[in-house]
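Peer 1: Attaching a single structure in structure tokens format; questions to follow.
The values are calculated or read from the model by the stated rules, or taken from the named source; none is laboratory data. As the structure is a computational prediction, the values presented were derived from the model and not from experiment. Neighbour counts run over all protein chains shown; Cβ positions are idealised from the backbone, glycine included.
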Amino acid sequence: MSWLWSLYRAVTPVAGALAPAAGAFAGAERPLWKERLGHPGSAPGAVDAWIHSASLGEAVAAQALHDALRAQRPNARCFFTATTRTGRERLGKLGAPAALAPLDTPQAADAFFGALRPPRLFLIETELWPEWLARARRNHVVVAVVSARLSARTTERYAWLGAPLRELLRGLAAVLCQTEEDRARWLALGARPERTAVTGNLKFDALPAPAPDRGAARAALGLDRARPLLVLASLRPGEGQRVARAWNALVPETRARWQVAAVPRHPHASHALRSEAEEVGAMIVSGGNPEPGAWRWDDRPGVLAEYYAAADVAFVGGSLVPLGGHNPLEPAAAGAATLIGPHHESQRPAMELLAAAQAVVVTSEETLAGTLRNLLEDEAERARLAAAGVRVAANARGAAKRAVAQLMEWGAWSAA
């Protein structure tokens, strides 16, 4: 047996025993700490399925799965959990009860399974929690991973857990992967070939359609409806100064013609990120319609989709620094000409689709100013990129229907 597995299973009961007292130090999660202990206050009793996603992005995928499940079984009762508070907030808007995910301790897992008595657990992407899986096996709960993905690094780390994890993975009712590469990695960890298939990325199903009136979308945000909009999306530390330098290198006429909205990825990093942009000359305002050449800074969670709907051009962050990038299909689907930095490894499926259709521009820190200049000054190229991105998004949808069809074929979901 893996020493790491043995250590993990030895530590989790201790963590579970200490967890009630730890709530006093839970900060912003303190009002919701009972949920972490496995006591979902809004639990409706027995449910038909527990659907778990990690954060805000996976919560979007959870919505697509939920809709497809209920299309086959309209009266199905589902319960959502998320690892993060922003994910929980998003899930709470779907019309089904939601809570923060229980801690991966035997005490929290026992309490949660006892409260919901779920016959099925659907995990989205890469959420493998040993205590949950062990409790699910003891309770004869059907477990499926949907929109499953694994990076090379994550695969290597899970492999350290050895034979016990392989045994749990062999018990999965379904592993429905995003790509063939993901499928190969799940098989290497121990998933059964006859219960592993490729059905696509659930996040693609939740991609938006272009706004019918981009000017009206800008006006709804309090921006000038007539001036085109550049969105600097999901900026991460280190990118504020890089993008600001590129913006300042543009000729004043171009900067005056465009309005800019910067949306940091994480609110807790917003202040430092804004400061680094201001240090290299960016003029930033917190609200209203920014004056020519200035940026609006909006660090509210959950607003990025509104900006994409209003954008003519979108730069997708987390990609000028080695963080793997964020989803370029979201702005492309909304009809924005999309550019992204060279570090987009975690977005490989989306990038492959967009690159094949020449629907995305990849730029580096060194070329960003020139790339921006070309896009902001070439209306025909912006229109070509936008149209190509919308077509790619339309063709990418459908993963949720394929996933549910496979779940039904393998007996993990039914119409009654």
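Peer 1: List the number of the failed condition for Ala24; all other conditions in (1) under 30 Å from Ser147 (Cα atoms); (2) surrounded by fewer than 13 Cβ atoms within 10 Å (Cβ to Cβ); (3) in contact with a Lys or Arg (Cβ under 9 Å, 6 or more places away or on another chain) hold.
Peer 2: The number of the failed condition is (1).
Peer 1: Right, here's the next one. Does region 267-283 contain at least one residue that is surrounded by 16 or more Cβ atoms within 10 Å (Cβ to Cβ), of a type in the set (D, E, K, R), closer than 29 Å to Pro349 by Cα and in contact (Cβ under 8 Å) with a residue 12 or more places away in the chain?
Peer 2: Within region 267-283 (the criterion being surrounded by 16 or more Cβ atoms within 10 Å (Cβ to Cβ), of a type in the set (D, E, K, R), closer than 29 Å to Pro349 by Cα and in contact (Cβ under 8 Å) with a residue 12 or more places away in the chain), the answer is no, since none of the residues qualifies.
Peer 1: For the condition touching an Asp or Glu at 6+ places or on another chain (Cβ under 9 Å), under 18 Å from Leu329 (Cα atoms) and not hydrophobic (A, V, I, L, M, F, W, C), what is the one hit in Arg397, Arg391?
Peer 2: Values: Arg391 fails: touching an Asp or Glu at 6+ places or on another chain (Cβ under 9 Å).
Checking each option against the conditions leaves just Arg397.
Peer 1: A further question on this structure: Restricting attention to region 325-346, and to residues there that are at pLDDT below 95 and surrounded by fewer than 22 Cβ atoms within 10 Å (Cβ to Cβ), which single residue is farthest from the chain's Cα centre (by Cα)?
Peer 2: Among those that are at pLDDT below 95 and surrounded by fewer than 22 Cβ atoms within 10 Å (Cβ to Cβ), it is Glu345.
Peer 1: Right, next: Please work out which residue is surrounded by the most Cβ atoms within 10 Å (Cβ to Cβ), limiting yourself to region 80-111 and to residues that are touching a Phe, Trp or Tyr at 6+ places or on another chain (Cβ under 9 Å), farther than 20 Å from Ala28 by Cβ and modelled with pLDDT under 95.
Peer 2: Within region 80-111, the match that is surrounded by the most Cβ atoms within 10 Å (Cβ to Cβ) is Ala96.
Peer 1: Is there a residue being in a helix (DSSP H, G or I), among the small types (Gly, Ala, Ser) and in the same structural domain as Pro228 (by TED's automatic domain parsing) anywhere in region 294-302?
Peer 2: Initially, region 294-302 is screened for residues in a helix (DSSP H, G or I), giving none.
For region 294-302, residues in a helix (DSSP H, G or I), among the small types (Gly, Ala, Ser) and in the same structural domain as Pro228 (by TED's automatic domain parsing): absent.
Peer 1: Check every one of the helices (runs of 4 or more DSSP H) wholly within region 165-263 and list those with 3 or more residues that are surrounded by fewer than 22 Cβ atoms within 10 Å (Cβ to Cβ) and of a type outside the set (Val, Ile, Thr).
Peer 2: Values: elements: 180-189, 202-205, 214-220, 239-248, 252-257.
The helices (runs of 4 or more DSSP H) meeting that bar are 180-189, 214-220, 239-248, 252-257.
Peer 1: Tell me, please, whether a residue that is of a type in the set (Ser, Thr, Tyr), crowded, with 17+ Cβ neighbours inside 10 Å and at pLDDT below 95 can be found in region 302-310. Outline the logic, then answer.
Peer 2: At the first step, the residues of region 302-310 found to be of a type in the set (Ser, Thr, Tyr) are 307-308.
Within this subset, residues satisfying the condition of being crowded, with 17+ Cβ neighbours inside 10 Å are 307-308.
If we keep only those that are at pLDDT below 95 as well, we get none.
No, because not a single residue in region 302-310 is of a type in the set (Ser, Thr, Tyr), crowded, with 17+ Cβ neighbours inside 10 Å and at pLDDT below 95.
Peer 1: Separate question: Pick from region 122-154 the residues that are in contact (Cβ under 8 Å) with a residue 24 or more places away in the chain and among the basic types (Lys, Arg): which of them is surrounded by the fewest Cβ atoms within 10 Å (Cβ to Cβ)? So that I can check it myself, show each step before the final result.
Peer 2: Initially, region 122-154 is screened for residues in contact (Cβ under 8 Å) with a residue 24 or more places away in the chain, giving 122-135, 137, 139, 141-152, 154.
Next cut, among the basic types (Lys, Arg) only: 135, 137, 149.
Details: Arg135: 21, Arg137: 14, Arg149: 21.
Residue satisfying both the conditions and the ranking: Arg137.
Peer 1: Also: Hey, can you tell me all the residues within region 336-358 that are among the small types (Gly, Ala, Ser) and either out of contact with any strand residue (DSSP E or B) (no Cβ under 7 Å at 6 or more places or on another chain) or part of a helix (DSSP H, G or I) (or both)? Spell out how you get there, then give the answer.
Peer 2: Step one: filter region 336-358 for residues among the small types (Gly, Ala, Ser), giving 336-337, 341, 346, 350, 355-357.
Selection gives Gly341, Ser346, Ala350, Ala355, Ala356, Ala357.
Peer 1: Does at least one position in region 32-53 carry a residue that is loosely packed, with under 13 Cβ neighbours inside 10 Å, of a type in the set (S, T, N, Q) and at pLDDT below 90?
Peer 2: Step one: of region 32-53, the residues loosely packed, with under 13 Cβ neighbours inside 10 Å are 41-42, 45-46.
Cutting the leftovers down to of a type in the set (S, T, N, Q) gives us 42.
Then keep just the ones that are at pLDDT below 90; that gives 42.
Scanning region 32-53 turns up at least one residue that is loosely packed, with under 13 Cβ neighbours inside 10 Å, of a type in the set (S, T, N, Q) and at pLDDT below 90.
Peer 1: Please verify whether Pro322 is assigned to a loop (DSSP other than H, G, I, E, B), free of Cβ contacts under 8 Å to residues at least 24 places away in the same chain and more than 24 Å from Val392 (Cα to Cα), treating the condition exactly as stated. Full working, then the answer.
Peer 2: Numbers: assigned to a loop (DSSP other than H, G, I, E, B): yes; free of Cβ contacts under 8 Å to residues at least 24 places away in the same chain: yes; more than 24 Å from Val392 (Cα to Cα): yes.
Spelling it out, Pro322 is indeed assigned to a loop (DSSP other than H, G, I, E, B), free of Cβ contacts under 8 Å to residues at least 24 places away in the same chain and more than 24 Å from Val392 (Cα to Cα).
Peer 1: Go through Thr363, Thr367 for me and flag whichever is hydroxyl-bearing (Ser, Thr, Tyr) and either buried (at least 19 other Cβ atoms within 10 Å of the Cβ) or touching a Phe, Trp or Tyr at 6+ places or on another chain (Cβ under 8 Å) (or both).
Peer 2: Numbers: Thr367 fails: either buried (at least 19 other Cβ atoms within 10 Å of the Cβ) or touching a Phe, Trp or Tyr at 6+ places or on another chain (Cβ under 8 Å) (or both).
None of the others qualify; the one that does is Thr363.
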